[in-house]
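Scroll down for the structure; my scribbles are underneath it.
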Amino acid sequence: MELTTHDKDLIKAAQTIIDKYGDDSLHTVGAALASDGTIYTGVNIFAQGGGADAELIVLGKAISEGKKNFTAIVAVGNNDRGVIPPCGVCRQLLLDYAPNIFVITEFGGVVQKVKITDLLPKAYPSWFSGQKES
């Protein structure tokens with residue numbers, strides 16, 4: 001799906017946050033999430049043995065402010081890595097919390113917008129959806 005002006009603004013917001021707070025060790029990805037006309041931004045956090053991805057940080061930030069209607073999300077890497085795809089855990093949590101969200105990502109050198117369900121076909125049943133395991 002072709003990117004809109006709003007999608008490009010979301011990419012710019014993610015790029016801005018990672019340019020401002022990104023470094024080479026603790027914060028390497030910035031994310032931007034759109035909900036009800038508001039853009040939320042955040043960066044990943046890292047600790048020995050793990051951490052939280054930027055997509056999850058920004059999702060939690062918006063949820064903690066009472067938001068539920070998420071329209072699009074994008075992640076951008078530091079050091080001019082550009083738009084990057086969400087990992088499997090992020091994909092599952094986005095499906096759980098925002099089953100209708102669009103993800104702006106890069107495939108084959110082309111930045112595009114896809115539904116989360118396209119990134120996670122035949123997904124593990126979301127416990128939010130009431131689906132039963134088969």
Original post:
For the range 83-115, which residues satisfy the criterion of being part of a strand (DSSP E or B) and surrounded by 14 or more Cβ atoms within 10 Å (Cβ to Cβ)?
Top reply: 83, 84, 102, 103, 104, 105, 106, 111, 112, 113, 114, 115
Subject >> Near pairs, Cβ below 6 angstrom, 6+ apart or cross-chain, from the range 1-21 (without any contact (Cβ under 8 Å) to a residue 40 or more places away in the chain) to any residue that is open to solvent by 50 Å² or more (accessible area, probe 1.4 Å) >> reply: 13/39
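Tell me, which residue of the range 4-15 that is polar (S, T, N, Q) and not in a loop (DSSP other than H, G, I, E, B) is least open to solvent (accessible area, probe 1.4 Å)?
Taking the range 4-15 as the starting set, the residues that turn out to be polar (S, T, N, Q) are 4-5, 15.
Now restrict to residues that are not in a loop (DSSP other than H, G, I, E, B): 5, 15.
Details: 5: 102, 15: 47 Å².
My answer is 15.
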**OP:** Within the range 2-13, identify whether any single residue is in contact with a helix residue (DSSP H, G or I) (Cβ under 8 Å, 6 or more places away or on another chain), among the small types (Gly, Ala, Ser) and over 13 Å from residue 103 (Cα atoms), and answer yes or no.
**Re:** no
Original post:
Give me the pairs: first residue in the range 90-116 and in contact (Cβ under 8 Å) with a residue 60 or more places away in the chain, second residue charged (D, E, K, R) and part of a helix (DSSP H, G or I), beta-carbon distance under 6 Å, and six or more apart or on different chains, which are they?
Top reply: 104/7; 113/7
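Would you confirm, using the coordinates I've provided, whether residue 76 is β-branched (Val, Ile, Thr), at pLDDT 95 or above, crowded, with 18+ Cβ neighbours inside 10 Å and not in a helix (DSSP H, G or I)?
Details: β-branched (Val, Ile, Thr): yes; at pLDDT 95 or above: yes; crowded, with 18+ Cβ neighbours inside 10 Å: yes; not in a helix (DSSP H, G or I): yes.
When the stated conditions are applied, residue 76 passes them.
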Original post:
Within the bounds of the range 42-61, is there any residue that is within 20 Å of residue 123 (Cβ to Cβ) and hydrophobic (A, V, I, L, M, F, W, C)?
Top reply: yes
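For residue 71, state whether it is open to solvent by 60 Å² or more (accessible area, probe 1.4 Å), within 24 Å of residue 1 (Cα to Cα) and assigned to a helix (DSSP H, G or I).
Numbers: open to solvent by 60 Å² or more (accessible area, probe 1.4 Å): yes; within 24 Å of residue 1 (Cα to Cα): yes; assigned to a helix (DSSP H, G or I): no.
Considered against the rule, which asks whether it is open to solvent by 60 Å² or more (accessible area, probe 1.4 Å), within 24 Å of residue 1 (Cα to Cα) and assigned to a helix (DSSP H, G or I), residue 71 comes out as no.
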Original post:
If you take the residues of the range 16-57 that are part of a helix (DSSP H, G or I), under 13 Å from the mean Cα position of the chain (by Cα) and not β-branched (Val, Ile, Thr), which of them is surrounded by the most Cβ atoms within 10 Å (Cβ to Cβ)?
Top reply: 54
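The values are calculated or read from the model by the stated rules, or taken from the named source; none is laboratory data. Everything numeric here is computed off the predicted structure, so don't read it as measured data. Here the Cβ is made from the backbone with ideal geometry for all residues, glycine too, and neighbour counts use every protein chain on show. Protein only, heavy atoms only, side chains kept; ligands, DNA and RNA dropped before computing areas. Shrake-Rupley method; radii C 1.70, N 1.55, O 1.52, S 1.80 Å.
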